[in-house]
Amino acid sequence: MLLAPLPATGQAAPAPDGQVSLSDIADRIIAVVGDSVILKTQLDERTLALQLQGLPIPDDSSGLMEFQLGLLDRMIDESLVLQEALRDSTLTVDDDRIEQIVDSDLEQRARSMGGQTALEQALESQGMTMAGFREELAADARRTQLQQQYVSKARRSVRVDPVDVDSIRAFFEANREQIGKRPATITFLQAVVEPGPSDSADAAVKATADEIHAQVIAGQDFAELAERHSDDPGSAATGGDLGWFRRNGQMVKEFEDVAFALGSGQVSLPFKTQFGYHIMKVERIRGPERRARHILIRFDPEESQIAKARALADSLRERAESGESLKTLHDDYGVEGFPDSLAVPLSDLTSLPAGYAPALRTAVAGEVLGPIELSGRDVPSFAVLRVLEIRDEGDYTLEDLEAQIRAQLQDQNVLQAVLTGLRERRYVDIRLDDTAQN
């Protein structure tokens, strides 16, 4: 059980010898869900798996019955979603992503068991091979991917009432003890000045990108050109592959604008971002997601441009210290990196780029810091910060968590509406009762 993936809800599996009577199967059916069944053994296996993960399981019969009824309810929802997902021909599973999930899962299991040899021995003791276990994990990952895709698609057509303040307050009060303490935090605004290329450097990089683009149009393999020419260390070795992504702000705006304007199989003209010139090819489109490759020709840093950026950052700090709004200065200069605000636990300062922690650790509210040189990047850049607030550790207030709770409850309501709709359309017969516990 420590090794096995969670059992799928669905069709009854025959015994090893293949000889199972209909009466034997019927005795173990605890739910009929659409065109599938859930067996008592599947519920017991899922219960044991949760227990092995550290979840407390009631040891009295009535408590165990209540627990398993709730667990069975979730298994029914999973089965309904999976059946709908299998009927939807627009949903596809990314085999490369499945392989990554399985590889990661096997690596984690091997580490927890003391190595690859120990994992293989444990599998052998259960009559399994590594290849067979890999297939089970892959099948489980495919089911999960299909379920997630279906729910994501179904959510877009569901409308529910907005969450009201009373519901948010009730959730906060009911979960106050589990919320824990608010860590000591520091909140700040920042503007980051990055050196741009000179006119001559820009023209040289653009010319190189144009040459590579011409080779793509002439029919040369995009992935091979990316491996040979791209300056992106994160994707060049894999032919410029960026995997699947959405328009969610994780990539710079210019990049997202191009990615979501192209059709499947189309190649962009060279376009410029703060990193250099890119050529992009959108390989597949899946709803709001894109899978693309790109080739980056990066701007090489020039000392004169780095010095110019440093001087601009010095000017930003001087004007901010004189009382000017950092937001106004950001808009005036058009520099990068201006969130509404960034709140960071003091214990996590070392996770920020080098230079932030020493400056912020002794900061006071209202202070302007910097320029902080962000030297860990390919091109040195400079950050100017204004500290807005420093809060000691304490209890969370409703105001602290209101937006987060609202989003969580709204998401739960939408999911529940999706599941309710499935139950209304599909046959569900629950047969778990006290006699099934024996």
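All of the numbers you see were taken from the coordinates with simple rules; none came from a lab. Only a predicted model underlies this, so the values are computations on that prediction, with no experimental measurement involved. Heads up, the Cβs are rebuilt from the backbone with ideal geometry, glycines too, and the neighbour counts pull from every protein chain shown.
Details
- Out-of-range pairs (alpha-carbon distance over 26 Å; input K206/K308; K153/K272; K272/K308; K153/K181; K181/K253): K153/K272; K153/K181; K181/K253
- Rule-of-thumb Rg ratio for region 182-264 [Cα; 2.2 N^0.38 Å; N residues]: 1.48
- J(HN,Hα) series, region 75-91, from Karplus relation 6.51 cos²θ - 1.76 cosθ + 1.60, nearest Hz, glycine and proline x: 5, 4, 4, 4, 5, 4, 5, 5, 4, 5, 5, 5, 7, 8, 6, 7, 8
- Annotation: amide H of Y396 within the under-5 Å range of R182, sequence separation 5 or more or interchain, hydrogens built in the peptide plane.
- Whole-Hz ³J(HN,Hα) from phi, Karplus 6.51 cos²θ - 1.76 cosθ + 1.60, for region 167-177, glycine and proline x: 5, 5, 5, 5, 5, 4, 5, 5, 10, 4, 5
- Inter-label distance, nm, simple model (7 Å from Cα along the C-beta direction), S61/D331: 7.2 nm
- Computed [θ] at 222 nm, deg cm²/dmol, the chain (DSSP H ≥ 4; -39,500 (n - 2.57); rounded to nearest 500): -15500 deg cm²/dmol
- Net length gained if the chain between E402 and D221 were fully extended (0.36 nm per residue, minus Cα distance): 60.1 nm
- Put the Cα centre of region 88-118 next to the Cα centre of region 141-204 and the gap is 26 Å.
- Scalar couplings 3J(HN,Hα) for region 414-430, obtained by applying the Karplus form with A = 6.51, B = -1.76, C = 1.60 to θ = phi - 60°, are 5, 4, 5, 5, 4, 5, 4, x, 5, 5, 6, 8, 10, 6, 9, 10, 8 Hz; x denotes Gly and Pro.
- [x] 23.3, 72; [y] 21.3, 65; [z] 27.9, 85, with the label sought being that of the calculated Rg and Dmax of the Cα atoms in Å: [z]
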